[in-house]
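**Student:** Below you will find the structure I want to go over with you.
Just so it is clear, none of the values below were taken in a lab; they were calculated from the coordinates. These numbers were taken from a predicted model, which means no experiment stands behind them. Positions of Cβ are generated from backbone atoms using ideal geometry, with glycine treated the same way; all protein chains shown enter the neighbour counts.
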Amino acid sequence: MTTAEKTSRVQQWTNLAQQLRVDSIRATTAAGSGHPTSSMSAADLMSVLMLSHFHYDFDDPKNPNNDHFILSKGHASPLLYSMYKAAGAITDEELLTLRKFGSRLAGHPTPEIPWVDVATGSLGQGLPVGVGIAAVGKYLDKLPYKVWVLLGDSESAEGSNWEAFHLASHYKLNNLIAIIDCNRLGQRGETELGWNTEAYAERGRAFGWNAIVIDGHNYEEIDNAYRQAAETADRPTLIVAKTMKGKGVSFLENKEGWHGKALDAEQEEKAIAELNPQVRSMVFPVQKPANDKPAPEAAKQPIKLPRYELNSKEATRKAYGDALLALGAANPDVVAMDGEVSNSTYANEFAKAYPDRFFEQYIAEQQMVAFAVGTQVRGKIPFASTFAAFMSRAYDFIRMAAISRANIRLSGSHAGVSIGEDGPSQMALEDLAMMRAVFGSTVLYPSDANQAAQLVAQMADHGGIMYIRTTREKTPVIYSPDDTFSIGGSRVVYQSDKDQATVVAAGITLHEAIQAYKELQEEGITIRVIDAYSVKPIDDETLLAAAQEAGGKIITVEDHWPEGGLGEAVLEAFSQADAPMPQVVKLAVQSMPSSGKPAELIEEAGISAHDIVQAVKVLVK
């Protein structure tokens, strides 16, 4: 390259970077809020990326060859939106709708914008999701796209990032490039490491990454770092860029107290004068991606679900694994991941049959959920499993997945006191409440193996955040393999025109309710028993009919804390109905459990058949 060509290239980078800074200021001033200084620090990094290294077709955001860019420091959304304007994807008029009601340019990016893969803003999310996207590119699609993730330096304190660092290194994701915008200043002052860029790099190297330290405002260093990252063949790359918050404006540059503050009109005019006497509205062409085809897949086949004999016994966690295996055979888009407990969740059956589509996450539940989100960005159908209690560690990722409108399937096994001797640290007693509270979620709790297998199969075709709660213990198979179950439905196990009350149960407690029914029958008391396997959405119609036909008395019984679980789902159904509120008694786990045999713990918790019998007698007396 000649000297003249180099000078021209640097001028182009400079022009774009200054435009990004100007537009970040203009947009936030128009909004009256936002993060201009956090956007300005990374403008040079993004200018070089856009003009020289990023391959993307903004007219075809679903092009499988597109590179992926994730703004993990989502508060710097003005920078991202300014990049979209510079690429010609949005207009200047839309840019100035930042943070306004009705605008798709929210304060933090969401996939309402077609070029955004996932919602960010809760820090520590972008890199773990990027790991999932990169893994699909390298191992499944086998396409040359790259995944670029821009992180803030304060964000590096999030443990989820280090879960991502370890897994990206394990899978040798050389198509993943993390860029830390090390601008020294966080929300309330200096960050933990300040400008100790080498400390960040050493941490990256300790995890097996290729780490490069640069001046984030030196275009040649930025360009060379990106080139080195592209040439690295056996590991991911971390670029630690020393930058200045508010770069380019004297009264903002490296000054405390400006985090999350927009400039007023007078300050805006002064800042733009320093950056450029005229507001730039140039369009900068972005390089188009390659035209490669994803690796060919096997043809889809009709699913052949496992079948379990009536009156046999099997655990629903085993049915989950068997059904997942069947899905893997039927649909090559199904992928699975697990948090190093696959021999207990039975995801190991899928792993043995389809090792190329199984990604061990080890004991890193945040990364596991993020990985699932990343794979669905690439059109895969992810199933992620661990003990239900440990899903709580990943709850922020689950709620952010809902904001991303992600389609992921989660399986939580070993739920409730019925797991027995392992004790309370392993007993999920809040997972139903946790998952019900997620926007647009579906929560399933099957009671037998045939039902579980059918529901797992339906999860593959259902959108949103799907959660299935499975049981450790083997339970009786009470349904035929030919019975059908729908999401949002329920099953009336026993009913008559003489029912005096209704017992609503799911999972392990349904079997206690069946035993209670038999004992009450011997005493001349007839009850209706409903298997509410779909906790959300719940079958309102069947519940309303039971209340009208069975004396207006309902008992809910669940292996869960009383807050937020099945009982409250039933109450919610009646609170939203134009019908009289029945008398409802909730049986749930009320005290902290310990270790013991499952039957002992169920009895101690007050959710056994004996407890149901006593509650019915009191209610119908």
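**Student:** Once amide H atoms are built 1.01 Å from N in the peptide plane, which residues 5 or more positions from Val492, or in another chain, come under 5 Å H to H?
**Tutor:** Asp531
**Student:** Gain in length, Val620 to Ser496, computed as 0.36 nm per residue apart minus the alpha-carbon separation, to one decimal in nm? Numbers along the way, then the final one.
**Tutor:** Numbers: separation 124, 0.36 × 124 = 44.64 nm, distance 1.59 nm.
Length gained between Val620 and Ser496: 43.1 nm.
**Student:** While we're here: In whole percent, what relative contact order does the stretch 161-250 give with Cα contacts below 8 Å and a gap of six or more residues?
**Tutor:** Worked out over the stretch 161-250, it gives 42 percent.
**Student:** For the stretch 421-561, how big is the tail of P(r) above 24 Å, as a whole percent of Cα pairs?
**Tutor:** Within the stretch 421-561, distances greater than 24 Å cover 32 percent of Cα pairs.
**Student:** Report, largest value first, the span of the C-alpha coordinates of the stretch 3-275 along each principal axis, in whole Å.
**Tutor:** Principal extents (largest minus smallest coordinate, Cα): 51, 44, 40 Å.
**Student:** For the stretch 313-476, calculate the relative contact order in percent as a whole number, restricting contacts to Cα pairs under 8 Å that are 6 or more residues apart.
**Tutor:** 29
**Student:** In addition: Assigning unit charges at the beta carbon (Lys, Arg +1; Asp, Glu -1) and nothing else, what dipole magnitude in debye, to the nearest 20, does the chain show about its Cα centre?
**Tutor:** Here the chain has a charge dipole of around 1060 debye.
**Student:** While we're on this one: With both partners inside the stretch 491-620, how many of the DSSP beta bridges are antiparallel, as a percent to the nearest 5?
**Tutor:** 20
**Student:** Just to verify a number: FRET efficiency for Lys172 and Thr7, C-beta to C-beta distance, R0 = 56 Å, to 0.05? Display every interim value, and only then the final one.
**Tutor:** Numbers: r = 38 Å, r/R0 = 0.68.
Calculated value: 0.90.
**Student:** From the gyration tensor of the Cα coordinates in the stretch 132-247, what semi-axes in whole Å does the equivalent ellipsoid have, largest first, with each one equal to sqrt(5λ)?
**Tutor:** 24, 16, 12
**Student:** When the dipole is taken about the Cα centre of the stretch 498-605, and only Lys, Arg (+1) and Asp, Glu (-1) are charged at their Cβ, what size is it in debye, to the nearest 20?
**Tutor:** Charge dipole, the stretch 498-605, about its Cα centre: 100 debye, nearest 20.
**Student:** Report the antiparallel proportion of the DSSP beta bridges in the chain as a percent, rounded to a multiple of 5.
**Tutor:** 10
**Student:** Starting from the Cα-Cα distance between His462 and Phe101, subtract it from 0.36 nm times their residue separation and give me the gain in nm to one decimal.
**Tutor:** 126.9 nm
**Student:** For the stretch 119-162, what does the equivalent ellipsoid look like in terms of its semi-axes, each the square root of 5 times an eigenvalue of the Cα gyration tensor, given largest first in whole Å? List each step's numbers first, then the result.
**Tutor:** Details: eigenvalues 105, 17, 14 Å².
Semi-axis lengths for the stretch 119-162 are 23, 9, 8 Å.
**Student:** From the phi of every residue in the stretch 74-89, what ³J(HN,Hα) in whole Hz does the Karplus formula 6.51 cos²θ - 1.76 cosθ + 1.60 yield, where θ is phi - 60° and glycine or proline is x?
**Tutor:** These are the phi-based 3J(HN,Hα) values: x, 5, 7, 4, x, 5, 4, 5, 5, 5, 4, 5, 5, 7, x, 7 Hz.
**Student:** Evaluate E = 1/(1 + (r/R0)^6) for His610 and Ser392, where r is the Cβ-Cβ distance and R0 equals 45 Å; express this FRET efficiency to the nearest 0.05. Present the calculation step by step, with values, prior to reporting the outcome.
**Tutor:** Details: r = 31 Å, r/R0 = 0.68.
Efficiency, from the Cβ-Cβ distance: 0.90.
**Student:** Rounded to a whole number, what is D in µm²/s for the chain from Stokes-Einstein with the Kirkwood radius over alpha-carbon pairs (37 °C, 0.692 mPa s)?
**Tutor:** 125
**Student:** Can I ask one more? Nearest 10 degrees is fine. How inclined is helix 609-620 to the longest principal axis of the chain, computing both from alpha carbons?
**Tutor:** Taking Cα atoms only, the helix is inclined about 80 degrees.
**Student:** Which ³J(HN,Hα) values, rounded to whole Hz and listed in residue order, are derived for the stretch 368-373 from phi using the Karplus coefficients 6.51, -1.76 and 1.60 in 6.51 cos²θ - 1.76 cosθ + 1.60 with θ = phi - 60°, glycine and proline given as x?
**Tutor:** Computed from phi, the couplings for the stretch 368-373 are 4, 5, 4, 4, 4, 4 Hz.
**Student:** Let me have the relative contact order for the chain, percent, based on Cα pairs under 8 Å that are six or more residues apart.
**Tutor:** Rounded, it is 12 percent for the chain.
**Student:** How big is the antiparallel share of DSSP beta bridges in the stretch 3-275, given as a percent to the nearest 5?
**Tutor:** Looking only at bridges with both residues in the stretch 3-275, the antiparallel portion is about 5 percent.
**Student:** Also: For the stretch 295-324, state which trypsin sites (Lys or Arg not before Pro) are in a DSSP loop and have at most 12 other beta carbons lying within 10 Å of their beta carbon.
**Tutor:** Lys300, Lys304
**Student:** Grab the eigenvalues of the alpha-carbon gyration tensor for the stretch 243-366, scale each by 5, take roots, and send me the semi-axes largest first in whole angstrom.
**Tutor:** After diagonalising the Cα gyration tensor, the semi-axes are 57, 23, 13 Å.
**Student:** Can I ask one more? Could you compute the longest span of the chain free of GluC sites (Glu not before Pro) located in DSSP loops and having at most 15 other Cβ atoms within 10 Å, not counting the site residues?
**Tutor:** With a cap of 15 other Cβ atoms within 10 Å, the longest stretch comes to 1-111.
**Student:** Can you give the three extents of the C-alpha atoms in the stretch 308-463 along their principal axes, from longest to shortest, in whole Å?
**Tutor:** Here the Cα extents, ordered largest to smallest, are 41, 34, 27 Å.
**Student:** Could you give the nm distance between label points at Ser33 and Ser52, where each point is 7 Å from its Cα heading toward the beta carbon?
**Tutor:** With each label placed 7 Å out from Cα toward Cβ, I get 3.8 nm.
**Student:** Using a Förster radius of 35 Å, what is the FRET efficiency between Arg280 and Glu572 based on their Cβ-Cβ separation? Nearest 0.05, please.
**Tutor:** 0.05
**Student:** Test of understanding: ordering Leu143, Leu45, Leu566, Leu571 by Cβ neighbours within 10 Å, fewest first, what list do you get? Write out the running numbers ahead of the final one.
**Tutor:** On the way: Leu143 20, Leu45 27, Leu566 30, Leu571 17.
The order, fewest Cβ neighbours first, is Leu571, Leu143, Leu45, Leu566.
**Student:** Test of the criteria: in the stretch 495-544, which trypsin sites (Lys or Arg not before Pro) are in a DSSP loop and have at most 15 other Cβ atoms within 10 angstrom of their Cβ?
**Tutor:** Loop-located and lightly packed - Lys498.
**Student:** Over all directions, the average projected area of the alpha-carbon convex hull for the stretch 491-620 comes to how many nm²?
**Tutor:** 7.3
**Student:** Next up: Can you give me the Kirkwood hydrodynamic radius for the stretch 399-441, using every pair of distinct Cα atoms, in Å to one decimal?
**Tutor:** On the way: mean 1/r = 0.0844 Å⁻¹.
Over the stretch 399-441, the inverse of the mean reciprocal pair distance is 11.9 Å.
**Student:** Greater than 22 Å separation of Cα atoms is the criterion. Which listed pairs, Lys380/Lys474; Lys6/Lys142; Lys498/Lys553, meet it? Write out the running numbers ahead of the final one.
**Tutor:** Values: Lys380/Lys474 31 Å; Lys6/Lys142 34 Å; Lys498/Lys553 13 Å.
In this structure, Lys380/Lys474; Lys6/Lys142 lie more than 22 Å apart at Cα.
**Student:** Run the reach check for Lys242 against lysines, Cα to Cα strictly under 17 Å, same-chain hits fewer than 8 apart removed. What comes back?
**Tutor:** Hits, sequence-local ones excluded: Lys73, Lys255.
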